[in-house]
Amino acid sequence: MTESPSSLKTLFVYKCLFALTFWNHVSLSVENELLTPASYTFSEDGSYQKVESLPLMHINRYQSSFDWVVIQNTTESLSLSEITNDNVKKLIALLSNFRPGSRLQNLTLTNVSVEWDALMKMIQTVWHSSIEYFNINNVTQLGDVKGYVFDYSGTSMKALAVKKILITDLYFVQDDLYRIFADMNIADMAIVEADMIHMLCPSYQSPFRHLNFLKNDLTDFLFQKCDNLTQLETLILQWNKFESLPKVSFMTSRMKSLKYLDMSNNLLRYDGADVQCQWAESLTELDLSSNQLADAVFECLPVNIKKLDLQNNQISSVPKGMADLKSLEELNLASNRLADLPGCSGFTSLRFLNIEKNSILTPSADFFQSCPSVRELQAGHNPFKCSCELQDFIRLERQSGGKLFGWPEAYVCEYPEGLRGTELKDFHLSELACNTTLLLVTALLLTLVLVAIVAFLCIYLDVPWYVRMTWQWTQTKRRAWHNQPEEREAVLQFHAFISYSERDSLWVKNELIPNLEKGEGCVQLCQHERNFIPGKTIVENIINCIEKSYKSIFVLSPNFVQSEWCHYELYFAHHKLFSENSNSLILILLEPIPPCVIPARYHKLKALMAKRTYLEWPKERSKRALFWANLRAAISINLPIADQNRCGEPD
């Protein structure tokens, strides 16, 4: 009769449970519903043909029973725990039934606490069974460690893994312990977290291909001058106490097949002494991360290495010309002290470089030019200084075609503080700010333009003239101060100083002077023709006359703005206006002055005419009486002049 897969499964589990309750000679139990068929195979007509073996059975020491025949025919992997002196004999009896050829291939024992002899008998029993992969976790050896003659013949075992061994015997011959494991003729062995301080060299040519001694207390004396590990390909010595890199190299020199060596998390140093390193020529992968290696490590590396891990050391630079690793393809220099990207002069085949978490502020932009074979560069998580120098590196990323691993998240500004946290892709500076030559040329051009503008304004506004006049004013005042002390106390002598162009002199002599000096009141005018003192310079006479006059009358006309001396007189009068904070200027517009004829240097005249009221000479005679009245009122003042009879007379 043909049964369905579900009914077969139910029937199979029922038969297993029946067997477990029937046999009572083994005190072990089943847990966690592990009695489940792995798969089913059906014929073409749908009938059941074969049930594959169960993948895993986990058993501990709590009371129950099972038939070893059931386990032998249904289980490939078995996990047992809580092995003690009380049940170890039953376990050995059980394991002795797994003859070579049985389906059980994987065995895991956890929490084993037995005597030394029992432990050895248990391992010896497994050695001659069908088990290929044997794992022992949390082993406590009780009693004394004694010599044991181990039979290595006739085994199916391929790999042994022992984790966490506690040896309670403090005084024993170490060879009795280490020799058992050193001479095992299997391919793979791992002894981890066992506080192991040494391991013997095998007594004969060992078939070991993979050895893992993770987290022990092994030192530089391991496998020195050992010739019997010629088939070893992988050696893991992570988290031990190795200190000398040259001694590690000597250890590998006789391992003719060694390809991978893990020496990470040790205490390795190399100071570049005269001791030469000698590595296995077959070694292609080397992990030296998390040690105390500095720049000199590049003098002590395998010449045929392809993958090299030097992260988390004390390397500050990669010396040029020191290392010639032509086969090196992958280099990890993360978490060191490098300040720049290394060159590839000694690494012509380099394809992958990791230089994250170093001290690189501004990476070199010519990296890919010196390293044309590099396909991937990991340079993120460095304290980048976002400046002009970094702009070239940012452009390098755009040109690299995605060779920067982790871009853009891992590439962030650290300095300056104002840009901290800004991704490099968002950092931009103008070409002008970063190109020194362009900046200098631009600054020079701007300076030339500025000089040209200043020169033009100086010429247009007659600045040199004003400077010269200021200098003459200052010098004249200084000479007057030192040479004529009596003049410093002199009072005003004139009501007004008259400034006019020689072309307008007829109007001044025929109209202005007669009407002011000979009319009502006593107005004394200062005129250059009669009041300038011979022997003094014209500038000194102008300054003296302006200083001794209460007012300054300027007769404005197109002729006035064309006169150089009129300009001097206007300048000095304007200077007095501001220096003494007085209202001393009187402007008479004799003739209209078109703005176009006023020179640029007369900007003060333009300002005065725009801001101050001036008297305009009327053409109609009927209005001239009012003109003279207003002019007299503008210059009206009582001067402290002793001789009033001089009024109206020339000096």
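The values are calculated or read from the model by the stated rules, or taken from the named source; none is laboratory data. Keep in mind the model is a prediction, meaning the values are calculated, not measured. Counting neighbours? That spans all protein chains shown, and the Cβs are built from the backbone with ideal geometry, glycine included. Each accessible area value is taken on the protein alone, full model and side chains, heavy atoms only, with ligands, DNA and RNA left out. Shrake-Rupley method; radii C 1.70, N 1.55, O 1.52, S 1.80 Å.
Got a sec? Which of Ser364, Ser359, Ser373 is among the hydroxyl-bearing types (Ser, Thr, Tyr), outside any strand (DSSP E or B) and modelled with pLDDT of 90 or more?
Of the residues listed, the single one that is among the hydroxyl-bearing types (Ser, Thr, Tyr), outside any strand (DSSP E or B) and modelled with pLDDT of 90 or more is Ser359.
Do you know which residues across the range 225-256 are more than 39 Å from the chain's Cα centre (by Cα) and either open to solvent by 40 Å² or more (accessible area, probe 1.4 Å) or among the β-branched types (Val, Ile, Thr) (or both)?
Passing the criteria: Lys225, Asp227, Thr230, Gln231, Glu233, Phe250, Thr252, Arg254, Lys256.
Hey, does the range 288-309 have a residue that's in contact with a Gly (Cβ under 9 Å, 6 or more places away or on another chain) and basic (Lys, Arg)?
For the range 288-309, residues in contact with a Gly (Cβ under 9 Å, 6 or more places away or on another chain) and basic (Lys, Arg): absent.
Within the range 319-327, is even one residue of a type outside the set (Gly, Ala, Ser), at pLDDT below 90, over 25 Å from Val248 (Cβ atoms) and open to solvent by 40 Å² or more (accessible area, probe 1.4 Å)?
Within the range 319-327, one or more residues are of a type outside the set (Gly, Ala, Ser), at pLDDT below 90, over 25 Å from Val248 (Cβ atoms) and open to solvent by 40 Å² or more (accessible area, probe 1.4 Å).
Within the range 114-127, does at least one residue satisfy the condition of being open to solvent by 40 Å² or more (accessible area, probe 1.4 Å) and in a loop (DSSP other than H, G, I, E, B)?
Looking through the range 114-127, none of the residues is open to solvent by 40 Å² or more (accessible area, probe 1.4 Å) and in a loop (DSSP other than H, G, I, E, B).
Answer with yes or no whether Glu569 is within 24 Å of Thr613 (Cβ to Cβ), at pLDDT below 80 and open to solvent by less than 60 Å² (accessible area, probe 1.4 Å).
Yes, satisfied.
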